[in-house]
Structure formats: structure tokens, C-alpha cells
Amino acid sequence: MLNSVAPEVKSPEGLHADALLAWYDRHRRRLPWRALPGEKPDPYRVWLSEIMLQQTTVKTVGPYFQAFLTRWPTVDAMAESDEEDILKAWAGLGYYSRARNLHACARFVSARLDGRFPDTVEGLRQLPGIGAYTAAAVAAIAFDRRAAVVDGNVERVVTRLEALETPLPQAKPRIAEIVDGMTPADRPGDFAQGMMDLGATICTPKRPACGLCPYLPFCRARREGTQETFPRKAPKARRPLRRGAAFWIVRPDGWVLVRKRPDKGLLGGMTEIPSSVWSEDFDSGTAVNYAPLKAKWRKLPGEVSHGFTHFELAVSVYAADALLSTKAPADCRWVRLDELDGEALPTVMRKIVALARGS
DNA sequence: CACTCGTGGCC
DNA sequence: TGGCCAAGAGT
């Protein structure tokens, strides 16, 4: 009789998983990409959401996810699109290599894998834009594979649970080891999502709600009253200020000159208002040397400020009028003013447009 | 391993 | 206001 079998002796990690899953069953967030209890998750939606959520908040991703899903309901539909359309739809979301990898991944899965995502960590890991975290997350959430899912939330939860003194990113291998030990064979996807929900709603960076935490009895940092000091982190380099110039060129019929940026590097593949290099020692006296064509430039009042991850940017905007007959220089093209909104313009470029149009 | 790569929100 | 943070990946 099965009933006569001795009950499984649970490790402390197993108890952790039970406490977490019970909490998740009561408090799970309802998210657009998340299957309801008992529903089978759609790997395409799981993958799409995971790519968008890389370093991006749930709130920001929401409308983008809905728009993408409506326009490209399946991986095959996305594979049939042009990269340019993906970039336009991604504009404003940031980290634009994600969009290019998204498109490349869709094409690979559609053409080479018959439209089906790999159902293992190793298979997923080979795809463009999918690293250690996303491979584990998709395997666990979409295919119920036991995989150690470690994102920023999980790092915070685990370093607090264990009061881990090793700073990030040095502690990453140890954290992955601990999470692997905690992850149950049963419901690994719910466990992963539960850990992330816990980090997002209870075990928050500041003022964690320890009183509501299912891990309260197990948490070493809380016991020592040091929970807010974890995770330890290596000090960050502070961001330098770079300067540059952008060139707003308008034809008499109201069309403006735009340019496609190189595929690699900052804002790769996106559309720009033709701009100079951005550098710490930028010489504003020679700014117009960077203009895409010769013209009578007037410097517009004010400047555009924009923060990137590793530097702060200040851009001066120069405006000029072009003849109707002016040909677009290399990599440039003319665009109607009222069609600028639909372009693959990153946020910093939209700020430049706003300044120019307001002048 | 250290660096590059966006953006918006929060206190 | 400025630093920090968010379901990291690629090189």
C-alpha cells in the first residue's frame, strides 16, 4: 500500500518551498502574461514577457506586451514581420538589442524548430537574447522543468535568508547553488514565480514587509535585524557627463531628415535625429562639423538632458532649413513630421524632437 | 570579469 | 535632486 510508505523527510529547503508555494497560492499577482491556476501556459507569451521584463518593470512592460501580443499573436506571426516593425513597436522600452534578438529568436524558432520553443534549459539557452535567467525561467514557467531561476528579486530574497556577506556579482554562483537546492521537483514554475512575487511585493529593497513573509521563521538577516542591508553590492562607478549635438533639418514641405543608427552599439538599429558623437570632451565650437549636410545652422535655446545607464547626456540642438530638392545623405531619409511618432525613435530622440518642434 | 546597454519611477 | 532600482544579455 502506498499509504504504508514512510512520509518523505523534508529538508529545510523543502520546507522553504512548501511555505513559499502556500503563500503564492494565496497572493500570486495576476499578470497579463501569466496563466491562471490550472491553465496551460503559452511558451510564446512566457518568452515574450521574459524578454520584455529584463531590467524593466512590470508596469512599463504591460502596454508593450499587450500591443505585441495583439499584433503578433504567435511566434510564427512575429517571424514573418520585418525587424524594422519590431524596433518601431519596441521604441521607448529601452535596451534595443533585446528587440533585435527577439526578432532573430522568433525567426529561428519558427523556421528551424517548427514554431515550438525548446522545452529544456540547454535548448533555450542557445537562442539569441536568452541567457541563464531567461532559459531557466521559460523552462520552469512554460514547461514545468525544475530549473534554478535567479533574477534580482531572488538574489535579494536569498542573500537575506542566508545573510550572505559576499557582494554581488561575486555571490551569483553561490546564490544559484542555494536556489537550486530550494527548488522543488513539483511545481518548479510556481516556485520561481512565487520567489519573484515575494521579492517584488514583500522582500522589497527598502522597508521589506517581513511580518507578512512566509520565510520569516527561516530568515537569518531578519533575525539579526539587518535585512535592509542585503544584498551586499560592489560600489558603482559614477556616471560622467557626455555632450553632443543633434541636427533638425526641415524641408519647406515639412519633411525632416532622420538617420538609421548602426546596428551595433548604443541605440543600435534605431532611428535618430542626425547627431554628433557624444563625448566628455565634446567641443561645441566645432559641433556643426558633425552635421549631415551643409546649411546655415542656428542653435536652438535650451538643451536636452537624458540619463543612460553609464553616462549622463546633454545635447544641443541645431536647426536649419533645407531646399525641397535636397537629397538625403547616406543612411538618411526624409520623413513627414506627422509620421515621426511611428518611427523607431528612442526616448532621447523624442526629447530632441520635442525641443525642436517647440522652438 | 568588467563593461556596455534605456528608461521611468521612487524617495 | 540624484542615486537606486527593475523578471539580464552579450562581449
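Details
- One residue stands out in the stretch A:278-301 among those that are under 31 Å from the mean Cα position of the chain (by Cα) and either more than 18 Å from A:Gly265 (Cβ to Cβ) or of a type in the set (S, T, N, Q) (or both): the one that is least open to solvent (accessible area, probe 1.4 Å), namely A:Ser279.
- Residues in the stretch A:226-273 that are within 14 Å of DNA strand C (Cβ to nearest atom), in a strand (DSSP E or B) and touching an Asp or Glu at 6+ places or on another chain (Cβ under 9 Å): 1 in all.
Results for (1) within 14 Å of DNA strand C (Cβ to nearest atom); (2) without any contact (Cβ under 8 Å) to a residue 24 or more places away in the chain, shown as yes or no for each residue.
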| position | (1), (2) |
| --- | --- |
| A:Cys105 | yes, no |
| A:Phe108 | yes, yes |
| A:Gly115 | no, no |
| A:Val121 | yes, no |
| A:Pro128 | yes, no |
| A:Ala147 | yes, no |
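- Close Cβ contacts (under 7 Å, 6 or more residues apart or on different chains) running from residues in the stretch A:152-171 that are among the hydroxyl-bearing types (Ser, Thr, Tyr) to residues that are assigned to a loop (DSSP other than H, G, I, E, B) and open to solvent by 20 Å² or more (accessible area, probe 1.4 Å) comprise A:Thr159/A:Pro231; A:Thr166/A:Arg232.
- Of everything listed in (1) in contact with a Gly (Cβ under 7 Å, 6 or more places away or on another chain); (2) farther than 25 Å from A:Gly342 by Cβ, the single unmet condition for A:Arg100 is (2).
- Tabulated pairs, the stretch A:292-312, first assigned by TED's automatic domain parsing to the domain that holds A:Arg333, second aliphatic (A, V, I, L, M) and loosely packed, with under 11 Cβ neighbours inside 10 Å, C-beta under 8 angstrom, 6+ apart or interchain: A:His310/A:Ala237
- Of all residues in the stretch A:235-261, those satisfying the criterion of being within 16 Å of A:Ala91 (Cα to Cα) and either under 22 Å from the mean Cα position of the chain (by Cα) or charged (D, E, K, R) (or both) are A:Arg259, A:Lys260, A:Arg261.
- Filter pass, A:Thr201 being open to solvent by 10 Å² or more (accessible area, probe 1.4 Å) and free of Cβ contacts under 8 Å to residues at least 24 places away in the same chain: no
- Residues being aromatic (Phe, Trp, Tyr) and in contact with a Ser or Thr (Cβ under 8 Å, 6 or more places away or on another chain) - total across the stretch A:14-46: 2
- Sole residue being in a loop (DSSP other than H, G, I, E, B), farther than 30 Å from A:Val335 by Cα and at pLDDT 95 or above, chosen from A:Ala185, A:Ala221, A:Ala200: A:Ala185
- Test result for A:Gly131, surrounded by 15 or more Cβ atoms within 10 Å (Cβ to Cβ), within 16 Å of DNA strand B (Cβ to nearest atom) and either under 28 Å from A:Ala344 (Cα atoms) or not charged (D, E, K, R) (or both): no
- Residues considered: A:Glu280, A:Glu339. Of these, the only one that is within 16 Å of DNA strand B (Cβ to nearest atom) and among the acidic types (Asp, Glu) is A:Glu280.
Residue-by-condition table, conditions (1) open to solvent by 20 Å² or more (accessible area, probe 1.4 Å); (2) modelled with pLDDT of 95 or more; (3) of a type in the set (Ser, Thr, Tyr):
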{"site": "A:Arg34", "(1), (2), (3)": "yes, yes, no"}
{"site": "A:Thr56", "(1), (2), (3)": "yes, yes, yes"}
{"site": "A:Ala77", "(1), (2), (3)": "yes, yes, no"}
{"site": "A:Asp82", "(1), (2), (3)": "yes, yes, no"}
{"site": "A:Ile86", "(1), (2), (3)": "no, yes, no"}
{"site": "A:Ala99", "(1), (2), (3)": "no, yes, no"}
{"site": "A:Phe108", "(1), (2), (3)": "yes, yes, no"}
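- Selection status of A:Gly62, surrounded by fewer than 18 Cβ atoms within 10 Å (Cβ to Cβ), touching a residue at least 40 places away in the same chain (Cβ under 8 Å) and not hydrophobic (A, V, I, L, M, F, W, C): no
- Of all the residues in the stretch A:224-257, those that are free of Cβ contacts under 8 Å to residues at least 24 places away in the same chain and either open to solvent by 90 Å² or more (accessible area, probe 1.4 Å) or small (Gly, Ala, Ser) (or both) number 5.
The values are calculated or read from the model by the stated rules, or taken from the named source; none is laboratory data. It should be emphasised that the depicted structure is a prediction, and the values quoted were computed from it without experimental measurement. Don't worry about glycine lacking a Cβ; one is built from the backbone with ideal geometry, like all the others, and counts go over all protein chains shown. To get the accessible areas, we keep the full protein, side chains included, count just its heavy atoms, and leave off ligands, DNA and RNA. Shrake-Rupley method; radii C 1.70, N 1.55, O 1.52, S 1.80 Å.
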